Amino acid sequence: MMRFSTLMKHPADWMIGKNVKNEVVVTSRIRLARNLRDQSFPGWAKKAERIAAMEQMRPKVEALKVMKNGFSHELSELEPLQKQVLVERHLISREQAARGHGSAAVVDRGQRLSLMINEEDHLRMQSIRAGLDLREAHQLLSKVDNALEKDLAFAYDDEIGYLTACPTNLGTGMRASAMLHLPALVLTEQIGQVLQAVNKIGLAVRGIFGEGTESLGHLFQISNQATLGESEEVIISRLERVIAQIETHETNARLKMLEDEPNQLSDKIGRAYGILGYATMFDSKEAFSHISLLRMGAAMGYFPEGSMQACDSMMMEIQPAHLQLHAGTELEPEARDVSRAEILRSRLQTLTAPAINVVNNDMPSDSEITGDLNFKNE
């Protein structure tokens with residue numbers, strides 16, 4: 001199996017995907033929750049029970065064809081910093097990072113698929129893809145789920161569906177979500193209206209690391225809340241429709257800014273580039289905000305092709321655990337801010353300065369720009 005150091009040397013497939021439309025919809029994720037029949041949920045199980053369940057599941061997960069030469073580790077074998085790096089890469093949850101004996105993480109080489117053993121449920125399986133690609137993520141997870149179900153007896157009720165530790169996951173046990181980059185909606189102060197409309201139709205809006213976290217770099221995670229009484233197809237179709245509408249609103253907001261305030265837009269992007277290239281200290285929030293503007297600029301043609309992927313890489317590199325892993329030691333907050341600025345100055349040297357004038361002749365009409373924010377829960 002892959003060593004932790006090897007995993008860290010390679011960016012996730014979703015970060016370097018070519019020919020993928022991910023200017024607004026950065027990633028899509030499908031997650032399935034499963035539990036072993038006739039065994040206590042991890043939160044109630046004793047240490048010996050958790051270890052026994054892990055020893056039952058882990059070999060089956062590692063034997064999956066897609067996990068060949070992948071990464072597999074018990075959480076108790078990893079240092080706190082290593083676990084936090086896995087959280088920052090969205091490979092395990094913050095909740096699992098707090099666990100130790102009897103918990104494990106198994107990840108494929110491309111970091112598209114990760115299985116958390118003994119998190120809140122016995123198995124939390126997730127697939128991450130670049131752009132709006134929920135169906136491909138679901139297809140991969142369905143194959144994994146079917147393969148594991150041949151060897152593992154999952155807790156299932158004919159009326160309710162899959163049984164889970166949290167009632168909100170009962171039924172399909174599926175969470176479908178997308179990470180969206182929405183800087184123009186934030187800058188034009190439309191984001192509140194959009195998110196309010198999304199909440200009204202029963203979808204959840206969370207920060208970059210899910211429930212209980214804030215938005216950084218104008219990144220928002222939108223997912224289904226109900227899993228009981230609806231099929232996986234219905235859940236995915238609804239989310240696809242809503243995400244596509246939000247993507248349209250964000251794209252139109254960007255184009256409207258370019259049409260109405262081209263100088264101000266160029267100034268925002270240019271200032272962000274200048275600050276990132278010369279500042280000597282950054283906290284995470286400020287750094288993410290500036291990189292977010294560069295990422296939007298890259299999507300709008302202010303930077304050469306490939307610059308958006310460079311922005312995504314910077315966002316990953318400057319997170320606290322990644323910074324400390326790079327430094328080879330734990331860092332105090334101020335030292336992290338200094339290190340973050342050093343890395344960004346270095347990366348900016350390879351990123352061409354933004355173009356001053358960008359022209360887009362495919363401007364939407366006023367009606368397309370304003371749009372209808374009353375998303376329908378069909």
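Out of the residues in segment 23-46 that are over 22 Å from Lys150 (Cβ atoms) and basic (Lys, Arg), state the one that is modelled with the highest pLDDT. That would be Arg29.
The residue that is farthest from Ile160 (Cα to Cα), among those in segment 225-238 that are buried (at least 21 other Cβ atoms within 10 Å of the Cβ) and at pLDDT 90 or above, is Arg238.
A Cβ distance below 8 Å, combined with a sequence gap of six or more or placement on separate chains, defines the contacts here; from segment 328-346, residues that are in contact (Cβ under 8 Å) with a residue 40 or more places away in the chain reach residues that are part of a helix (DSSP H, G or I) and open to solvent by 70 Å² or more (accessible area, probe 1.4 Å) in the pairs Arg345/Tyr278.
Taking the criterion of being closer than 18 Å to Ser289 by Cα and among the small types (Gly, Ala, Ser), the residues of segment 308-345 that qualify are Ala310, Ser313, Ser339, Ala341. With the structure loaded, tell me whether Ser40 is out of contact with any Ser or Thr (no Cβ under 6 Å at 6 or more places or on another chain) and either over 28 Å from Thr227 (Cα atoms) or buried (at least 21 other Cβ atoms within 10 Å of the Cβ) (or both) or whether it fails that test. No; evaluated as a whole, the condition is false for this residue.
Within segment 158-174, does at least one residue satisfy the condition of being under 22 Å from the mean Cα position of the chain (by Cα), at negative phi, surrounded by fewer than 18 Cβ atoms within 10 Å (Cβ to Cβ) and not in a loop (DSSP other than H, G, I, E, B)? Within segment 158-174, one or more residues are under 22 Å from the mean Cα position of the chain (by Cα), at negative phi, surrounded by fewer than 18 Cβ atoms within 10 Å (Cβ to Cβ) and not in a loop (DSSP other than H, G, I, E, B).
Residue-by-condition table, conditions (1) out of contact with any His (no Cβ under 8 Å at 6 or more places or on another chain); (2) open to solvent by 20 Å² or more (accessible area, probe 1.4 Å); (3) modelled with pLDDT under 95:
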residue	(1), (2), (3)
Glu79	yes, yes, yes
Glu88	no, no, yes
Gly100	yes, yes, yes
Arg112	yes, yes, yes
Met116	yes, no, no
Asp121	yes, no, no
Gly131	yes, no, yes
Leu141	yes, no, no
Leu148	yes, no, no
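Among the candidates Ile291, Ile275, the residue that is under 24 Å from the mean Cα position of the chain (by Cα), modelled with pLDDT of 95 or more and among the β-branched types (Val, Ile, Thr) is uniquely Ile291.
Taking Gly217, is it at pLDDT 85 or above, of a type in the set (Gly, Ala, Ser), more than 22 Å from Ala137 (Cα to Cα) and open to solvent by 10 Å² or more (accessible area, probe 1.4 Å)? First the steps, then the outcome.
Values: at pLDDT 85 or above: yes; of a type in the set (Gly, Ala, Ser): yes; more than 22 Å from Ala137 (Cα to Cα): yes; open to solvent by 10 Å² or more (accessible area, probe 1.4 Å): no.
No; evaluated as a whole, the condition is false for this residue.
If you go through segment 334-358 and keep only what is open to solvent by 70 Å² or more (accessible area, probe 1.4 Å) and over 17 Å from Ala310 (Cβ atoms), you end up with Glu334, Ile356, Asn357.
Against the definition (part of a loop (DSSP other than H, G, I, E, B) and in contact (Cβ under 8 Å) with a residue 12 or more places away in the chain), how does Arg124 come out, yes or no?
So Arg124 does not fit the description; no.
Just one of the numbered conditions (1) touching a residue at least 12 places away in the same chain (Cβ under 8 Å); (2) out of contact with any His (no Cβ under 7 Å at 6 or more places or on another chain) is not true of Asp260: (1).
The values are calculated or read from the model by the stated rules, or taken from the named source; none is laboratory data. Only a predicted model underlies this, so the values are computations on that prediction, with no experimental measurement involved. When we count neighbours, we look across all protein chains shown, and the Cβ atoms used for this are built from the backbone with ideal geometry, even at glycine. For accessibility, only protein heavy atoms count, side chains too; no ligands or nucleic acids. Shrake-Rupley method; radii C 1.70, N 1.55, O 1.52, S 1.80 Å.
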